[in-house]
Every structure is written in C-alpha cells, then in structure tokens.
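The values are calculated or read from the model by the stated rules, or taken from the named source; none is laboratory data. Given the structure is predicted, the values throughout are model-derived calculations rather than measurements. Methodologically, a virtual Cβ is constructed for each residue, glycine included, from the backbone with ideal geometry; neighbour enumeration extends over all protein chains shown.
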Amino acid sequence: MLLERGRVLLEAADKLTTDAEALSRGWETHLTIVTEALVPTPDLFPLIEKLATKSNTQLSIITEVLAGAWERLEQGRADIVVAPDMHFRSSSEINSRKLYSVLSVYVAAPDHPIHQEPEPLSEVTRVKYRGVAVADTARERPRPHRSTAG
C-alpha cells in the first residue's frame with residue numbers, strides 16, 4: 001500500500017514538472033475552446049494537429065448555440081471562442097479577430113406557399129408561416145433580437 005501511494009506521488013510530481021516546463025515555454029496545460037453551432041468543428045482539426053506538434057496542451061471542445069458561447073467566455077468558462085460576433089460585447093479584456101463571415105438566409109421547400117409572397121419578404125409576411133427556431137444555450141445573457149424563419 002505504501003509503495004502504491006509512493007507511485008501515485010511520483011506520477012503527480014512528474015505531471016507537475018511537465019506542466020511547469022510547458023508553462024515556462026508559454027504553453028497552457030489545458031484550454032477550453034467553445035465553438036458556436038454554426039462553426040464546422042472539422043475546420044479546427046488541422047489547427048489542433050498543429051498545436052499538438054508544439055505542445056501537450058489538453059483541449060476541451062464545447063459547442064454552444066447563439067449567445068451561449070460568448071456567455072461562457074464572459075463567465076470564465078472558456079479560454080477561446082470561435083463564433084459569429086452578433087452576440088459579442090466588446091471589452092478591453094477580450095482580444096478578438098475576424099476569421100470569417102456568416103450569411104443568414106431564410107429557406108423553404110420549392111413548393112412552399114411563401115414563394116408566392118411579394119419580395120422582399122417583410123417581417124409581417126414571415127411570421128405568418130411556421131418557423132424553426134434553435135434554442136439559445138445562454139442562460140443569463142439577454143438576447144439582442146429575435147429572428148423568425150419561414
């Protein structure tokens with residue numbers, strides 16, 4: 001039993017040494033990356049592979065919807081967020097960089113009656129038809145606006 005505890009202590013000491021060496025080289029030992037559901041996670045894989053060649057940083061990758069990703073960052077539950085900036089609140093504590101643009105479009109089956117409506121579709125017209133909504137994973141953050149789809 002004493003020998004087993006000694007091994008556990010040695011393993012913990014080795015991990016502590018490895019973590020200290022990583023930190024001294026400027027690498028975090030663990031990062032939580034949060035992506036918005038619109039972000040194709042496979043696009044991150046080449047970047048993760050590149051990081052793996054330089055460090056042993058452990059990654060947790062979490063997917064959130066709409067403002068949920070930014071809420072995680074604001075609450076200190078994320079180190080990096082990859083998400084559209086429509087829910088981003090500028091802050092001197094957060095460094096941001098534009099990576100891509102997202103275009104939101106309304107879609108409907110070719111034979112859907114909404115196609116008979118005059119364009120451009122007004123909000124009044126769009127709300128006459130059933131829409132599909134995706135739940136925001138933010139728990140506390142107020143939603144800036146409401147969208148409907150036809």
Matching residues in segment 27-52 - criterion: being within 17 Å of LYS98 (Cβ to Cβ) and either assigned to a helix (DSSP H, G or I) or charged (D, E, K, R) (or both) = GLU36, ASP43, LEU44, LEU47
Among residues of segment 91-125 being out of contact with any helix residue (DSSP H, G or I) (no Cβ under 8 Å at 6 or more places or on another chain) and not in a loop (DSSP other than H, G, I, E, B), the residue nearest to GLY76 (Cα to Cα) is GLU123
Of (1) more than 18 Å from ASP136 (Cα to Cα); (2) at pLDDT 90 or above; (3) over 9 Å from the mean Cα position of the chain (by Cα), LYS54 satisfies every one except (2)
Odd one out for THR17 among (1) modelled with pLDDT of 85 or more; (2) assigned to a helix (DSSP H, G or I); (3) of a type outside the set (Lys, Arg) = (1)
What is the residue count in segment 126-142 for residues that are over 21 Å from the mean Cα position of the chain (by Cα) and assigned to a loop (DSSP other than H, G, I, E, B)?
-> 6
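Rundown of residues vs (1) touching a residue at least 60 places away in the same chain (Cβ under 8 Å); (2) of a type outside the set (A, V, I, L, M, F, W, C); (3) surrounded by 12 or more Cβ atoms within 10 Å (Cβ to Cβ); (4) farther than 25 Å from GLY26 by Cα, yes/no style:
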| site | (1), (2), (3), (4) |
| --- | --- |
| THR53 | no, yes, no, no |
| GLY76 | no, yes, no, no |
| HIS87 | no, yes, yes, yes |
| SER90 | no, yes, no, yes |
| ALA109 | no, no, no, yes |
| PRO120 | no, yes, no, yes |
| ARG126 | no, yes, yes, yes |
